[in-house]
1. Scan around Val92 for amide H atoms under 5 Å from its own, H built in the peptide plane at 1.01 Å from N, and keep only partners 5 or more places away or cross-chain.
2. With both partners inside the chain, how many of the DSSP beta bridges are antiparallel, as a percent to the nearest 5?
3. Give the span of the range 86-160's Cα atoms along each principal axis, as three whole-Å numbers ordered largest to smallest.
4. Taking amide hydrogens as modeled 1.01 Å from N in the peptide plane, which residues meet the under 5 Å criterion relative to Gly158, leaving out close sequence neighbours?
5. With θ set to phi - 60° and the Karplus curve 6.51 cos²θ - 1.76 cosθ + 1.60, what are the ³J(HN,Hα) couplings of the range 245-257 in order, to the nearest whole Hz, using x for Gly and Pro?
6. Where only protein heavy atoms count, and the probe is 1.4 Å, what is the accessible area per residue for the chain in Å²?
7. Please turn the phi angles of the range 94-108 into ³J(HN,Hα) values with the Karplus equation 6.51 cos²θ - 1.76 cosθ + 1.60 (θ = phi - 60°), one per residue in order, whole Hz, x for glycine and proline.
8. Can you pull the three principal axis extents for the Cα set of the range 148-192, in Å, largest first?
Amino acid sequence: MGTGQASGGGLPGAPGGANLLALRGHNTALVLGLLRSAGEAGASRLELAERTGLTPQAVSKITARLRAAGLVAEAGRRASTGGKPRTVLRLVPGARHAIGVHLDRDEITCVLADLTGRPVAVRRAPLDFAAGAGPVLAAVDAEVAALRADAGGPPVLGAGVACPGPLDHTAGVLRQVTGAPRWDGFPLRDALADRLGLPVVLDKDTNAAALGLTRAPEGAGGSFAYVHLGTGLGAGLVLGGGLYRGPRTGAGEFGHQVVRLDGEPCGCGRRGCVEALCLAAVARGDLPAAARVLGVAAANLVELLDVERVLLGGRTVLAHPEEFRGGVARVLDEHAALRGGDSARGPGGFGGPGESGATPAVPVALAPGGTRAVADGAAELVLADLFR
């Protein structure tokens with residue numbers, strides 16, 4: 001969605017709608033998305049019509065249906081420059097919820113998020129992901145049931161599930177997950193949908209986190225790479241404001257780029273992968289070396305895709321946040337200096353404008369959301385479809 005502001009309402013712009021019966025679902029999602037972005041300021045029907053390109057009559061019909069479903073409510077009136085005051089509409093955050101599930105290699109995190117994406121309940125429990133489908137499906141079933149019970153059983157749209165890749169997002173099938181061969185070819189999405197009795201969306205942990213970050217100020221608009229170092233290493237790519245999965249949904253297997261031909265063996269079968277080098281350095285307590293390897297890999301990614309910023313997350317990064325942020329930033333500073341850029345950085349690691357004609361170093365920052373970023377993003381997998 002665009003970033004323009006509506007006069008008086010703070011309502012972001014959006015792609016144009018279409019007054020066609022066949023696109024009724026699209027137009028409803030468009031209006032809902034604008035009301036979500038408008039937040040507490042809300043929006044009038046006229047503002048919604050102006051931003052979507054829909055007729056006022058079409059917007060009135062859509063908002064009437066949304067009000068009847070409890071998704072939208074009237075919230076007072078706003079002064080008008082002419083004529084009678086306009087009625088303000090707002091999204092009702094608690095009208096529906098989405099479940100986000102992060103299946104890490106040794107832990108499951110579940111969140112229950114309202115329509116704004118705000119978590120209203122969170123659960124964590126140990127997990128052995130490598131044990132295969134039976135134990136993991138049972139764990140997800142138990143934790144989701146407990147999560148819903150703890151929250152009083154609110155209406156749920158579906159569950160987003162994020163786990164290590166590679167996987168086929170479109171088919172909902174896991175592929176050759178490093179260190180977990182039992183999962184190869186398993187239809188996890190459909191198995192969980194049957195088990196939970198809910199629609200399920202499956203994606204990689206890094207993609208889910210990156211999608212969630214597109215709603216945060218640090219990730220809004222443009223292009224960025226979310227680099228996740230936890231029990232493994234991967235990246236989520238947002239290019240031109242949208243999550244990039246690739247034509248086979250395999251983009252972002254960042255941890256298995258080889259940067260040292262004779263390096264440590266990796267669980268994927270190669271040697272010298274970034275993941276293996278980083279985790280080996282962490283295991284021996286050499287955080288500067290781990291951060292430098294991560295920085296070199298991030299610099300390769302910046303060189304290849306020309307992303308505007310790098311956001312770091314994952315349990316291993318968050319256990320030593322400044323060591324990793326500073327180490328990666330230093331490598332990207334060196335990278336910019338070799339390119340004739342300005343390595344000066346402001347607070348939080350963001351580069352300043354630099355001297356005339358110089359290109360500032362790509363900014364590096366910690367991703368918001370902490371250890372919950374992947375689970376929050378998994379819930380967004382469900383909400384994103386509702387709001388388009």
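1. Val72, Ala73
2. 65 percent
3. Computed over the Cα atoms, the extents are 58, 20, 16 Å.
4. It is Ile99, by chain and number.
5. 9, x, x, 10, 6, x, 5, x, 6, 5, x, 10, 7
6. Normalised by residue count, the accessible surface of the chain is 43 Å².
7. x, 5, 9, 9, 10, 9, x, 10, 10, 9, 8, 5, 10, 7, 10
8. The Cα atoms of the range 148-192 stretch 38, 21, 14 Å along their principal axes.
The values are calculated or read from the model by the stated rules, or taken from the named source; none is laboratory data. Given the structure is predicted, the values throughout are model-derived calculations rather than measurements. Cβ: placed from backbone, ideal geometry, glycine included. Neighbour counts: every protein chain shown. For accessibility, only protein heavy atoms count, side chains too; no ligands or nucleic acids. Shrake-Rupley method; radii C 1.70, N 1.55, O 1.52, S 1.80 Å.
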